[in-house]
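> My questions will all concern the structure given below.
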Amino acid sequence: MAATVVEKIFSSKCGRDVRAGEVVMAPVDGAMIHDITGPLAVRVFREMGGERVFDPERIIMLFDHQVPADSIPAAENHVFMRAFAREQGIHNYDLREGVCHQVVMEKGHAAPGEVIVGTDSHTCTYGAAGAFATGIGSTDMGFVLKFGALYFRVPESILVEVNGSFPRRVGAKDLILAITGDIGADGATYQALEFVGETMRSLGMAGRMTCANMAIEMGAKAGIVPPDGTTWRYVTTRRDIEAFDLASDPDATFAEFRQYDVADLAPQVAVPHNVDHVVEIDEVAGTAIDQVFIGSCTNGRFEDLAEAAEVLGSDSFADGVRVIVVPASREEYMKALRAGLIERFVEAGALVEAPCCGPCMGGAFGLLAPGEVSLSTSNRNFRGRQGSAEASVYLASPATAAASAVYGEITDPREV
Amino acid sequence: MRAWKFGDDVDTDAIIPGRFLTIYDPEELAKHVFEGTRDAFARRVKEGDVVVAGSNFGCGSSREHAPLALRGAGIRIVIAKSFARIFYRNAINTGLLPLACPETDEIHDGDEITVNTAEGWIEANGKRLPIEPVPDFLQRIVDAGGLVEYAKAMDTVETCTGSQR
Ligand code: SF4
């Protein structure tokens, strides 16, 4: 029977044909917990009578949201999680490696066909590796820590086919913002987004991760890019695994089919205070900004920093604009360092911080005052997300962020 | 029960902002619930009040602090046209009952409302509005008193492969 990638993944997990709409108790291949949502998961695990976790090797633990500890309670959480890791024999990346989703991917914890959960809504990022990955709450994670399995309602899929070559300085972030604007913040609730087409195949892992990352902004349970040569090269250099074929059957049943051609795509901007309130850049060009954040699990990779640096050229950032650059991981930071990008950013006036979530969620640092305006390469612009509820956050690509930081106002990167 | 009315796309950052996420105690979280979005809420909400909203309630971050903050504030029921997926599960798991009702436009802020889950309706302004049933497998968790109670009673689960874990 014809099946989607997602149905195939669950069918192979369960050893029988599973179709969208079914509820299955599926074993999970990996479970990610971090400093914010982890402590609650551990408490729930204990309340459920948990003594030993199902398999310490399949648990990925790290700290990224409040690192280095920005408060005493944050430091206490870290201490609590470290003790749990030691007790259970879980490898803890602690605060050394960077943002959870980047680390899971680059350390090879996600591979095609796997079912992975994480106590973070952007766990859907690992769909870029061809995995079915979804964010869960801490109580569900307590259950997973105990049993290594969880209830899933197998989602229907929306097929998104993308063709054409991106114009200069337009890329994956502009594409996914455009899609988010079309589908809307709840347009894919309970469903999976499957990204296919020549444009997706031409994207490297960084761009695919940017797209899969934002599936949750449409309410989707998962975003998935079926594996191809690029995926397998990425995954097999990080872990011992044989490549296999995994794609939706041509006659599989999809909830919806959407087509995009990016050849004429303009830079996109999500305007305050909704991710799906997306406009073309000329509608907001000229808006004065106080802060620019380049980083996050959406756009904090080497490719993103290189894109920003290319637009920056030999310019300086505008006076009066605070530019905060946070590479998504130590690995990405080192690549940027070796390529001279970090030096360029610092020279141009940016604050470059160690890999972490940073200002993305308004917790650790870089908060906004009432009335301030920020342009961010991250994935959410909800009211209060990056500080004051009276601040405004615009979301855009690294190229748009760099151009805007140079001019002190939202600026079309194609025009600089 | 007093209805506190909200619009569409109420996100979990609005329910509890990121800077309070080191707090886990529902009562402490409740002091900051809707802080910056609707400051009067935390001060004036009463035990048993109901949050009523439009579509996509609880979108965004997977933080379970959101349903916990609402529970801490005395809210036991949230009624919305639709819920974001992770919030819906988190609510069920933590004992906050999410009820989907397509006609929440009929309910206004400050309305007195009556909820009858057994018969599947709510009443506001003299109008009876239907609510959608909670899916079977989640109802079992609700009946157990939340996922913790449900899981406590088990040593193993049977997975879809037929094996025990
Ligand atoms: S970078 Fe932002 S969106 Fe990504 S995991 Fe961190 S807080 Fe969440």
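> To make sure I understand the rule: partners must be lysines, Cα under 20 Å from the Cα of residue B:81, and not fewer than 8 residues away in the same chain. Which ones qualify?
The qualifying lysines are A:221, B:5, B:127.
> Same structure again: Using protein chains only (no ligands, no nucleic acids) and a 1.4 Å probe, work out which residues of segment B:82-115 have their accessible area cut by at least 40 Å² relative to the chain alone.
So the qualifying set is B:85, B:86, B:89.
> Per DSSP H run of n ≥ 4, the term is -39500 (n - 2.57); total these for the protein assembly as shown, divide by its residue number, and report the mean residue ellipticity at 222 nm rounded to 500 deg cm²/dmol. Mind dumping the intermediate values first?
Numbers: 21 runs with 178 residues, N = 581.
Computed ellipticity for the protein assembly as shown at 222 nm equals -8500 deg cm²/dmol.
> Solvent-accessible area of residue B:101, probe 1.4 Å, all protein chains present, reported in Å² to the nearest ten, please.
Answer for residue B:101: close to 0 Å² accessible.
> What shape does the protein assembly as shown take by its C-alpha gyration tensor, where a ≥ b ≥ c are the square roots of the eigenvalues and a/c under 1.5 counts as rounded, a/b above b/c as prolate, and the rest as oblate?
rounded
> Next question. Taking the solvent-accessible surface of protein heavy atoms with a 1.4 Å probe, what is the per residue accessible area of segment B:3-133 in Å²?
Details: 4700 Å² over 131 residues.
With all protein chains present, segment B:3-133 gives 36 Å² per residue.
> Under 8 Å for C-alpha pairs, at least 6 residues apart: give me the relative contact order for segment A:117-180, rounded to a whole percent.
21
> Give the accessible area for residue A:40 in Å² (nearest 10); use a 1.4 Å probe, count only protein heavy atoms, and leave out ligands, DNA and RNA.
Surface open to solvent at residue A:40 totals about 20 Å².
> Hey, another quick one. Which aspartates and glutamates, if any, have their Cα less than 13 Å from the Cα of residue A:13, not counting same-chain residues under 8 positions apart?
Of all the aspartates and glutamates, those that pass the test against residue A:13 - Cα under 13 Å, at least 8 places apart if same chain - are A:29, A:114.
> Would you pull out the residues with amide H under 5 Å of residue B:79's amide H, same chain only if 5 or more places away, H placed 1.01 Å from N?
Counting only residues 5 or more places away or on other chains, the set is B:51, B:52, B:53, B:99.
> Let me ask something else about it. Based on alpha-carbon centroids, what's the gap between segment A:384-416 and segment A:193-263 in Å, whole number please?
Each part's Cα centre sits 28 Å from the other's.
> On a straight-distance basis, which aspartates and glutamates could pair with residue B:31 in a cross-link, Cα separation under 17 angstrom, same-chain partners fewer than 8 positions away excluded?
Output for residue B:31: B:13, B:39, B:47, B:49, B:64.
> List for segment A:37-69: residues with 20 Å² or greater reduction in accessible area, all protein chains versus chain alone, probe 1.4 Å?
Hits at the 20 Å² cut-off: A:37, A:40, A:43, A:47, A:48, A:66.
> Here's another thing I want to ask about it. In square angstrom and rounded to 100, what buried accessible area do you get between chains A and B, total over both, with the probe at 1.4 Å?
For chain A against chain B, roughly 4100 Å² becomes buried.
> Hey, how much of the P(r) for segment A:179-237 falls beyond 17 Å, as a percent of Cα pairs?
Working: 668 of 1711 pairs.
Result: 39 percent of Cα pairs exceed 17 Å.
> Please work out the average accessible area per residue across segment A:162-236, using the 1.4 Å probe convention, and give it in Å². Please list the in-between numbers first.
Values: 1850 Å² over 75 residues.
That works out to 25 Å² per residue.
> Compute the signed sum of charges (Lys and Arg +1, Asp and Glu -1) over the other residues within less than 10 Å, Cβ to Cβ, of residue A:393.
Summing Lys and Arg as +1 and Asp and Glu as -1 gives +2.
> Between rounded, prolate and oblate, where does chain B land on the alpha carbon gyration tensor, with a ≥ b ≥ c its root eigenvalues, rounded for a/c under 1.5, else prolate if a/b exceeds b/c?
The shape class here is oblate.
> Continuing with the same structure: Within segment A:268-415, what percent of beta bridges assigned by DSSP are antiparallel, to the nearest 5?
Within segment A:268-415, antiparallel bridges account for around 25 percent of the total.
> Tally up the carbon and sulfur contribution to the accessible surface of the protein assembly as shown as a whole percent, 1.4 Å probe, everything protein left in place.
Values: 9450 of 20040 Å².
Carbon-and-sulfur percentage of accessible area, whole number: 47.
> By the scheme Lys and Arg +1, Asp and Glu -1, what is the net charge of all other residues having a beta-carbon under 10 Å from that of residue A:265?
Local charge sum for residue A:265: -4.
> Right, something else. Which order do the peptides A:252-258, A:10-16, A:298-304, A:104-110 take when ranked by the mean count of other beta-carbon atoms within 10 Å per residue, highest first?
Numbers: A:252-258: 14.9, A:10-16: 17.6, A:298-304: 28.1, A:104-110: 23.0.
Highest to lowest by the protection proxy: A:298-304, A:104-110, A:10-16, A:252-258.
> Within 10 Å of each candidate Cβ there may be at most 16 other Cβ atoms; applying that plus a DSSP loop requirement, which chymotrypsin sites (Phe, Trp or Tyr not before Pro) in segment A:319-416 survive?
Qualifying residues, ordered by number: A:365.
> What is the mean number of Cβ atoms from other protein chains located within 10 Å of the Cβ atom of each residue in peptide A:140-151, rounded to a whole number?
5
> Normalising by the residue count of chain B, find the relative contact order in percent from Cα pairs under 8 Å and 6+ residues apart.
21
> In segment B:11-120, which GluC sites (Glu not before Pro) fall in coil by DSSP and have 11 or fewer other Cβ atoms within 10 Å?
Numbers: sites: B:27, B:28, B:35, B:47, B:64, B:103, B:106, B:112, B:119; in loops: B:35, B:47, B:64, B:103, B:119.
Of the GluC sites (Glu not before Pro), the ones in loops of segment B:11-120 whose Cβ has at most 11 other Cβ atoms within 10 Å are B:47, B:119.
> I would also like to ask the following. What whole-number distance in Å separates the alpha-carbon centres of segment A:301-369 and segment B:18-87?
If we compute the Cα centre of each part, the gap is 34 Å.
> Tell me the trypsin sites (Lys or Arg not before Pro) within segment A:41-93 that lie in a loop according to DSSP and have at most 16 other beta-carbon atoms within 10 Å.
Filter output for segment A:41-93: A:52.
> With every protein chain present, what is the per residue accessible area of segment A:268-415 (1.4 Å probe, Å²)?
33
> Taking the DSSP beta bridges in the protein assembly as shown as the whole, what percent of them are antiparallel, to the nearest 5?
Antiparallel: roughly 30 percent of the beta bridges in the protein assembly as shown.
> Let me ask something else about it. For segment A:285-325, just run the numbers: alpha carbon Rg, then divide by 2.2 N^0.38 Å, N being how many residues it has. The partial results should precede the final answer.
Numbers: Rg = 11.0 Å, N = 41, 2.2 N^0.38 = 9.0 Å.
Dividing the Cα Rg of segment A:285-325 by 2.2 N^0.38 Å gives 1.22.
> Output the residues of segment B:14-55 meeting this criterion: accessible area (heavy atoms, 1.4 Å probe) in the chain alone minus accessible area with all protein chains in place is 30 Å² or greater.
B:18, B:19, B:21, B:22, B:24, B:36
> Taking only C-alpha pairs under 8 Å that are 6+ residues apart, what is the relative contact order of chain A in percent?
Details: 1041 pairs, mean separation 72.7, N = 416.
Worked out over chain A, it gives 17 percent.
> How much net charge surrounds residue B:31 when only the other residues with a Cβ under 12 Å from the Cβ of residue B:31 are counted, with Lys and Arg +1 and Asp and Glu -1?
With Lys, Arg at +1 and Asp, Glu at -1, the neighbours total -4.
The values are calculated or read from the model by the stated rules, or taken from the named source; none is laboratory data. This is a predicted model, so every value here is computed, not measured. So basically every Cβ, Gly included, is an ideal-geometry build from the backbone, and we count neighbours across all protein chains shown. Heads up: the accessible areas ignore ligands, DNA and RNA and are worked out on the full protein's heavy atoms, side chains in. Shrake-Rupley method; radii C 1.70, N 1.55, O 1.52, S 1.80 Å.
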